[in-house]
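The values are calculated or read from the model by the stated rules, or taken from the named source; none is laboratory data. Quick caveat: nothing in here was measured; it's all calculated off a predicted structure. Ideal geometry is used to build each Cβ from the backbone, glycine not excepted, and the neighbour counts take in all protein chains shown. Quick note on the areas: whole protein, heavy atoms, side chains included, nothing else; ligands and nucleic acids left out. Shrake-Rupley method; radii C 1.70, N 1.55, O 1.52, S 1.80 Å.
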Amino acid sequence: MSSTPVTLKAVQSEVSARNAKSSEAEVKRCEDLILAYAKQLAKEKDITGIRTLVKSIQNFYDLVGKARASKLIRDIVEFALTVEQGKQEKEEKIDLLKNCIEWATSNKREFLRRSLQARLVRLYNDVREFIEGQKLGQELSKELKKLEDRELLIEVSIEESKCAFNLNNLSKAKTALLTAKTSSNSAFASPQLQAAVDMQSGVLYSAEERDYKTSFSYFYEAFEGYGSIGDKINATGALKYMILCKIMLNETEQIPAMLSTKEVLPYNTNPRIVAIRAMADAFRKRSLKDFMKALEEHKKELVEDKVVAVHSQNLERTMLEKEISRVIEPYSEIELSYIARVIGMTVPPTEKAIARMILDKKLMGSIDQHGDTVVIYPKAGATKQFTRALTTIRELTKTVDVSYSRTKVIK
C-alpha cells in the first residue's frame, strides 16, 4: 500500500465501485484499503472515525460473504481496541462494539454476534467494569453451552472467571474456570486458550488455596504457552506471577538464576518485571523501607494489579516481621521505642506486631510492660540432659501407673 494517508472518501469510492461482477483481486484491494484506513485511524486514536467507517461500508459486507465480512469487522474492531485507554476512549470502544453487535443481531449474523460479545466481555475486564462483564459472560455462557461451541465457551468462561476474581467472588471464579477446563479437555483448545486457562488456574490457586508451588507450575506452563506463539505481553504477565510465587514461598534467592535463563532474558527490562524484581529485592534484604518504596514507585504494576494486591497485605505483614527480626537479632533485650524508630513506625503498631509474632511462635521472647522492652529468649536446643530427663519422666510415669493398678487389685 502507498504511504499516502487514506481518506474516508477514498474508501467509500472504492467500496461503491465494487459489485458482484468485481474480480477477487479488486475485492481484495478494497479490503486492504479498508484495513489500512482503520489502522491509520487507530494510530490517530480516532475511534469515532472507525465507527463511521464500519457503518459506511456495510454494503461491502454482503458482497464478500458472511465469513469474510465477519473477519473484516473483527479486524477493524481490534484496531480500535489497540488505542490507549482514557475515560473517553473506554466509552467509545464499548459503544463501537455494542453498535457492531446490534448490526450483527439485526442482520442475523449469529456467529459474529457471539464472537463480538465474547470480545466485549474481555473489554469489560480490561476497562475494569467487572459487573457488566460478569453479567454478559453468564448470559453468553448459557447460550454457548447449548450450542456446544467449546472454543468460544473456553474464552468466555476464562473472562467470566476473571470478572468474578476481581469482584472477590472466588467461588464463582472457580466454577467458571472449571467450565473452561472441562471444555478444553473435551475439545481442542488453541495454545493461546490453553495458556489462558493455565494462567487463571495459577491466579486462583495462589489467591484461595495459597498453594504457591502449584501456582508457580501453572504460571510456568502459561509462560511457555504464550512464549511459543509469540505473545510477549501475556508471557511477561506469567513471568511476573512466577516471581511473585517465589517471593511468597520465601525463595527469592532462586530468582536471579531463574531470570538468567535463555527463555527469560529478553523480558528482564520490561517494566512489569523490573517492578516485581524491586519487590523481591526488598523482600530478600528484609527492608520494609525498600518494600514500601517499591510499592510507591511501581504503583501500577504492584498495587493496581489485583493478583499482586491479593497478597500485598500478607507481604507487608511478612516484611514488617522480617524487619523487626533484623533489628532485634543482635540483642537479648531491646527497647520498643528503638525498634519503632529504626523501622520507621510508632510504638503501638510495633508492639502489636511483636505480640503477634510471639503468639505465632515466630519470636521466642516476651514484652516487658514495665520497662517497655522486648526480652528475647535464647534458642534452646534438644540437649542430652533434656532428652535423658524426658526419658526418666516417662519411665516414672509408667511405674506410677503400674503401682496404681496393682493397688486397686489388692484392695
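Need at least 3 residues that are buried (at least 18 other Cβ atoms within 10 Å of the Cβ) and either touching a residue at least 24 places away in the same chain (Cβ under 8 Å) or aliphatic (A, V, I, L, M) (or both) per element, so show me which helices (runs of 4 or more DSSP H) inside the stretch 219-286 make the cut, counting only ones lying wholly within it.
In the stretch 219-286, 232-248, 271-285 are the helices (runs of 4 or more DSSP H) which contain 3 or more residues that are buried (at least 18 other Cβ atoms within 10 Å of the Cβ) and either touching a residue at least 24 places away in the same chain (Cβ under 8 Å) or aliphatic (A, V, I, L, M) (or both).
Specify which of the listed residues (GLU316, GLU321, GLU301) is surrounded by 14 or more Cβ atoms within 10 Å (Cβ to Cβ), modelled with pLDDT under 85 and in a helix (DSSP H, G or I).
GLU316
For a quick check of your reading of the model, give me the residue pairs whose first member lies in the stretch 368-391 and is more than 22 Å from ARG356 (Cβ to Cβ), whose second is open to solvent by less than 100 Å² (accessible area, probe 1.4 Å) and at pLDDT below 75, with beta-carbon atoms closer than 9 Å and at least 6 apart or on different chains.
PHE386/ALA380
Which condition number in (1) under 43 Å from the mean Cα position of the chain (by Cα); (2) part of a helix (DSSP H, G or I) is the one that ALA25 fails?
Unmet for ALA25, out of (1) under 43 Å from the mean Cα position of the chain (by Cα); (2) part of a helix (DSSP H, G or I): (1).
Could you grab me the full set of residues in the stretch 152-197 that are touching a residue at least 40 places away in the same chain (Cβ under 8 Å) and over 20 Å from GLU139 (Cα atoms)?
Answer for the stretch 152-197, where residues must be touching a residue at least 40 places away in the same chain (Cβ under 8 Å) and over 20 Å from GLU139 (Cα atoms): LEU193, ALA195, ALA196, VAL197.
Pick out the one residue from SER186, SER141 that is crowded, with 19+ Cβ neighbours inside 10 Å and within 22 Å of ASP198 (Cβ to Cβ).
It is SER141.
For the stretch 226-249, does any single residue satisfy the condition of being among the aromatic types (Phe, Trp, Tyr) and touching a Pro at 6+ places or on another chain (Cβ under 9 Å)?
The answer is yes, given that some residue of the stretch 226-249 is among the aromatic types (Phe, Trp, Tyr) and touching a Pro at 6+ places or on another chain (Cβ under 9 Å).
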